[in-house]
1. Output ³J(HN,Hα) for the range 158-163: one whole-Hz value per residue in order, computed from phi by the Karplus curve 6.51 cos²θ - 1.76 cosθ + 1.60 with θ = phi - 60°, and x for Gly and Pro.
2. Under the Karplus relation 6.51 cos²θ - 1.76 cosθ + 1.60, θ = phi - 60°, what is the ordered set of whole-Hz ³J(HN,Hα) values for the range 65-82, x standing for Gly and Pro?
3. Using the Cα atoms of the range 13-123 to build a convex hull, what is its mean projected area in square nanometres?
4. Can you give the FRET efficiency for A105 and R78, using 1/(1 + (r/R0)^6), R0 = 22 Å, r = Cβ-Cβ distance, to the nearest 0.05?
Amino acid sequence: MKQPRTPQKQGGWVQFIPAAVSVVSGLLGNKSSKKAAAAEAERARQALARGKEQNEYNKMAAKAAEASGQLQSFDIKRQAKLMASRAVAVAAAGGYAGDIDNLIADIDGEANYKSSIALYEAGDFAEGLRFEGAQAEKYGAADSRAASQRSSAYKLEGQASLLAGFGNAWGAYSRANP
């Protein structure tokens with residue numbers, strides 16, 4: 001009478017369990033790494049987009065700051081003309097026109113000084129905004145490169161996991177079938 005085959009005597013299907021587990025583990029590790037790589041690639045895209053968006057926003061804000069400074073400068077000069085006109089009217093009404101030219105020159109000089117300061121401050125603020133925008137874009141690009149490198153690392157990790165799974169499976173099979 002022939003004895004039945006048992007997994008322990010002939011090796012049977014039990015010898016393939018470690019190999020199958022290794023392959024499945026490798027496949028799951030590969031899939032998990034691919035998802036992590038995709039997430040890092042998306043982070044890279046977002047970091048670059050955020051940096052560019054911040055830079056564009058800062059450029060627009062800089063233009064607005066310069067326009068505000070020009071408007072302030074215009075208003076200072078307008079007020080100075082009104083003040084000079086009033087000074088001429090008061091001097092003419094009072095019959096005193098002796099030193100009105102010096103007074104008007106002083107008013108114009110003060111207006112030009114304040115106007116120049118307003119333009120300078122607006123330009124300085126705008127330049128700071130442009131610099132911050134350029135820095136934001138630079139940092140966004142650096143974050144993007146770092147995330148891309150992490151994405152590549154995850155892809156390599158997934159491939160290594162897959163290869164390790166198949167390698168372990170081959171090792172288990174080889175030990176079972178010398």
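1. Listing the rounded values in order: x, 5, 5, 4, 5, 5 Hz.
2. Values, residue by residue: 5, 5, 5, 5, x, 5, 5, 5, 4, 4, 5, 4, 5, 4, 5, 5, 5, 5 Hz.
3. Taking the Cα atoms of the range 13-123, their convex hull projects to 9.5 nm² on average.
4. 0.80
All of the numbers you see were taken from the coordinates with simple rules; none came from a lab. What you see is a predicted model, and the numbers here were worked out from it, not measured in a lab. Cβ atoms come from the backbone with ideal geometry, glycine included; neighbour counts cover every protein chain shown.
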